[in-house]
Structures are given as C-alpha cells and as structure tokens.
1. Any idea which residue in segment 108-150 is surrounded by the fewest Cβ atoms within 10 Å (Cβ to Cβ), counting only those that are out of contact with any Phe, Trp or Tyr (no Cβ under 9 Å at 6 or more places or on another chain) and small (Gly, Ala, Ser)?
2. Search segment 162-196 for residues being more than 22 Å from the chain's Cα centre (by Cα) and of a type outside the set (S, T, N, Q), and hand back the single one that is nearest to Thr82 (Cα to Cα).
3. Which residues, counting only those in segment 192-213, are over 17 Å from Ser89 (Cβ atoms) and touching a strand residue (DSSP E or B) at 6+ places or on another chain (Cβ under 7 Å)?
4. Could you please let me know if Ile56 is over 25 Å from the mean Cα position of the chain (by Cα), without any contact (Cβ under 8 Å) to a residue 40 or more places away in the chain and either farther than 18 Å from Ile291 by Cβ or assigned to a helix (DSSP H, G or I) (or both)?
5. So the check is Cβ under 6 Å with 6+ separation or different chains; which pairs have a first residue in segment 185-204 that's within 15 Å of Leu249 (Cα to Cα) and a second one that's of a type in the set (S, T, N, Q) and in a loop (DSSP other than H, G, I, E, B)?
6. Does Ile258 satisfy the condition of being in contact (Cβ under 8 Å) with a residue 24 or more places away in the chain, assigned to a loop (DSSP other than H, G, I, E, B) and out of contact with any Pro (no Cβ under 8 Å at 6 or more places or on another chain)?
7. Please go through segment 197-218 and pick out each residue that is part of a helix (DSSP H, G or I) and either under 29 Å from the mean Cα position of the chain (by Cα) or of a type outside the set (Val, Ile, Thr) (or both).
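Computed from the coordinates by the stated procedures, all read-outs in this text should not be read as laboratory data. As the structure is a computational prediction, the values presented were derived from the model and not from experiment. FYI the Cβ positions are ideal-geometry reconstructions off the backbone, even for glycines, and counts take in every protein chain you see.
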Amino acid sequence: MTLLQPWALLLLPLAAIPFILKSHQGQFYSWIEMVPADKHSEIANLLLKATISLLIICIVLALASPQGESKQEQKIGKGAQTVLVIDRSVSMDHPFAGQATGGRAAEIKSMAARRLITDFIDSRPDDMMGVVGFTNSALYGMKITANRDAIHAAIKAATGPALNQTNIGAGITQGVTLFDNIQSSGSRAVILLSDGAGKLSPRVKYKISQQLTGKKINLYWIVLREPDDISIFNGANYSDEQAPDAINLDRFFKSLNIKYKAFEADNPTTLESALREINAKEKNMIQYSVIIPGHDYANNLIMIAMVLSLLILLIKNLRIH
C-alpha cells in the first residue's frame with residue numbers, strides 16, 4: 001500500500017484531543033463526594049472519546065489517500081496502434097467546402113472532426129491511440145495509450161483553434177516518434193487530418209521517409225477541402241514546380257514504400273465515410289498491457305468516518321438528564 005499524500009499523517013496527533021480536553025457539560029457541585037460513582041457513565045464517556053479519536057484517525061488517513069498496489073494485465077483485442085495527427089490551424093474553424101454556400105449555419109471542420117473522431121475512438125475499444133496537433137510546429141497531445149478519458153481530452157485540445165500556419169512535416173515527425181517507446185503489436189497507423197498541405201523541405205521528407213518505412217507504419221491522409229481547393233484526385237498532369245502543395249504532398253506519400261491512402265472530405269458525411277473505411281482496414285490482433293490502479297482505501301475510510309459520526313450523534317442523544 002502506498003500513500004499519495006503522506007504529509008497528512010502529521011495531523012495524527014489530533015486524535016489525542018478528545019482525551020486531553022475536559023468536558024464542561026453537566027452540573028457543577030461544590031463537593032464531589034456527594035455525587036455517587038457511576039461506572040457506566042465513565043465507561044460510556046471513555047467509549048465516546050475513543051470513538052471521536054477513531055473518527056479523527058479515519059479522516060486523517062483518508063486525507064493521506066492510501067492506495068493498493070496497481071496491477072498490470074495483458075489484454076488481447078482486435079485493433080491497431082494509431083496516432084492521430086490533427087491540423088490546428090485557424091482555417092479549421094471554417095465550414096467545409098461543400099457547405100460554404102448553403103445559406104445557413106454549417107458545422108465547422110474542427111467541431112465535425114472532434115465529433116466524428118470521438119465516435120471513431122469509441123468504436124475501437126481495443127485500440128491504443130496517441131494524439132498530436134500541429135500549426136506552425138508540432139503540439140504534443142497524448143502518448144499512445146488505452147486510456148479513453150486521456151485520449152478524449154487530447155482530442156478536445158487538438159481540435160481547438162491555434163495559429164494561421166500548417167506545418168504538416170512537424171506534425172508527422174512528432175506523431176511517428178510516439179511509437180518509439182512502445183512495443184509493436186499488430187498494425188501501426190498514422191491518421192493525418194488537415195485542410196492544407198504546405199511545402200516539405202528535402203531534409204523533412206528524408207526524415208519522414210526513414211521514420212515511416214523503418215517502423216512499418218501505415219499512413220492515411222484525410223484532406224478537409226477548403227472552397228476552391230484543387231482536388232488531389234483531379235488527374236491533371238502538373239510538373240513538380242507547378243503542382244499545388246497538396247498534390248506534391250500526395251505524390252511524396254505515394255513514393256514511400258508503405259501502405260498509404262488519401263481521402264477527401266468536403267462535408268461531415270464524407271469525413272465520416274473516410275473514418276469508417278480506415279476503421280475497416282485497421283483491425284488486426286493486438287496485444288497490450290493495461291495498468292489497473294490499486295484499490296482506493298480513502299473511500300472506505302470516509303464511509304467508516306460517516307458511520308462513526310452517526311454513532312457519536314446517537315450516543316450524545318441517549319444521555320439521561
């Protein structure tokens with residue numbers, strides 16, 4: 001057993017207060033010999049003081065937060081080790097391309113991404129997931145974990161607005177490093193969610209190539225289209241110098257010796273469809289360790305303290321006047 005707040009034990013001497021302080025309840029007599037001895041009352045008074053002292057001890061120990069030993073369990077499921085790399089640029093607070101002229105308020109891309117990614121996470125209970133956001137630089141969100149509460153909190157943070165820049169290279173390289181300190185088990189994938197591309201320097205391209213191929217990581221890119229954006233699937237023959245950034249990035253990803261697929265989404269429905277397809281592709285046997293926290297004894301101590309409080313109240317109301 002471990003104590004999360006051991007400093008609280010310094011308050012234990014307070015348990016002696018009921019035996020130190022004298023009670024002034026009852027009648028005052030000028031001559032004590034005229035009062036008959038009452039052993040039952042003395043015993044009851046002693047038990048009452050002991051109960052109050054025990055109540056103080058329970059409260060102090062509860063403040064110390066005693067925890068049982070945590071255990072590590074091996075789990076086997078069907079899923080993948082996945083890192084979500086999410087664009088946090090200001091443009092993510094714009095509506096989808098397919099909703100820009102709808103004449104009514106439309107769901108913005110960041111909110112739709114948060115909602116649908118949360119559903120995606122909840123539909124894959126056996127996955128281990130990590131989160132990275134990016135604007136002008138990478139923003140660490142959460143290491144690869146099976147803790148759903150932590151993942152949800154990281155997704156919420158990663159879908160908030162930030163700066164008006166899109167540094168995809170920093171986001172991908174940071175996302176891939178999350179796989180460094182975790183043993184490979186089953187499938188590994190990076191899901192890149194962005195509404196822009198940006199240029200990658202030769203140094204960054206080389207680093208991404210080495211990371212993705214060396215760790216055998218699958219890559220999925222979901223492009224959230226802006227109005228008037230050129231589709232990466234338009235089939236036009238651009239030279240490398242004239243091609244839009246998104247098409248150049250798609251070409252670079254295709255040149256890597258990895259499993260890669262791109263999607264385009266211009267409304268929440270197509271985004272949901274892309275996530276559903278990724279969900280179907282990334283379901284392999286996965287084995288991972290889960291740390292189960294030890295029992296929290298503070299709750300038990302608080303319940304005991306409540307029972308003792310009721311007992312003290314009962315005793316105090318059973319006095320014979």
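1. Ser123
2. Per the stated criteria, the residue is Gly186.
3. Filtering segment 192-213 down to residues over 17 Å from Ser89 (Cβ atoms) leaves 201-213.
The answer is Leu212, and nothing else.
4. Considered against the rule, which asks whether it is over 25 Å from the mean Cα position of the chain (by Cα), without any contact (Cβ under 8 Å) to a residue 40 or more places away in the chain and either farther than 18 Å from Ile291 by Cβ or assigned to a helix (DSSP H, G or I) (or both), Ile56 comes out as no.
5. Gly196/Thr166; Gly198/Thr166
6. Taking the combined requirement at face value, the residue satisfies it.
7. Across segment 197-218, the qualifying residues are Pro202, Arg203, Lys205, Tyr206, Lys207, Ile208, Ser209, Gln210, Gln211, Leu212, Thr213, Gly214.
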